[in-house]
């Protein structure tokens, strides 16, 4: 029973720190965030922080890892839905996932986020496109995907930055139509 209570307390502390970091990153880049203000925002002491993380970057990497793991599970679930006629619905599902989790994702994809997170996300999506056999058959496939994924991520960043002003379906249509024109 004591171990269960300890695990719940640990999880609460970690979530409080993650939320505090995301709130602070809305205001400034990570290199300007101190452990002191992070702990004050999370309402924990520094000793507790250091029991879980080495520094604010370690905490950020944990958040990124969790988001990427969650993304991976979501993308893996798309395999069963995959056929050419449902591409817009898959994109919409992807966007809905982002919208439902937009606080962390918005910050991680913003100019205050870690560029390495964006690269890892890009690589994961690229690999999944290859697995799902979404390749354009030509010698320029890699360049096509780099162009499409960077453009799509840019559109998603813009969509998040300006408050999800379009529905997930509208954004899916925009991304699909723009990429369809490139082929």
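Would you mind getting me the FRET efficiency between residue 70 and residue 37? Use the beta-carbon distance for r and R0 = 22 Å, nearest 0.05. Working from the Cβ atoms, E equals 0.20. Helix 87-100 and the longest principal axis of the Cα set of the chain meet at an angle near 20°. Applying 1/(1 + (r/R0)^6) with R0 = 41 Å to the Cβ-Cβ distance of residue 45 and residue 150 gives a FRET efficiency near 0.45. Once the Cα atoms are used to define both axes, helix 56-78 deviates from the longest principal axis of the chain by about 40 degrees.
Only helical runs count toward this figure. For the chain, summing -39,500 (n - 2.57) over DSSP H runs of n ≥ 4 and dividing by all residues gives -25000 deg cm²/dmol at 222 nm.
Which of the following values of Cα Rg over 2.2 N^0.38 Å was calculated from the structure shown: [x] 1.18; [y] 1.74; [z] 1.04? Here the calculated entry is [x].
Taking 0.36 nm per residue of separation and subtracting the Cα-Cα distance, full extension of the segment from residue 57 to residue 77 would add 4.2 nm.
Take residue 164, project a point 7 Å from its Cα along the Cβ direction, then tell me which residues of the stretch 109-124 have their backbone nitrogen under 19 Å from it. Label zone hits: 109-111.
Compared with the dominant principal axis of the Cα atoms in the chain, helix 2-27 is inclined by about 70°.
Throughout, read-outs are computed from the coordinates displayed, never taken from laboratory work. None of the values given here were measured: they were computed from a predicted structure. Reconstructed Cβ throughout: ideal geometry from the backbone, glycine too, with neighbour counts over all protein chains shown.
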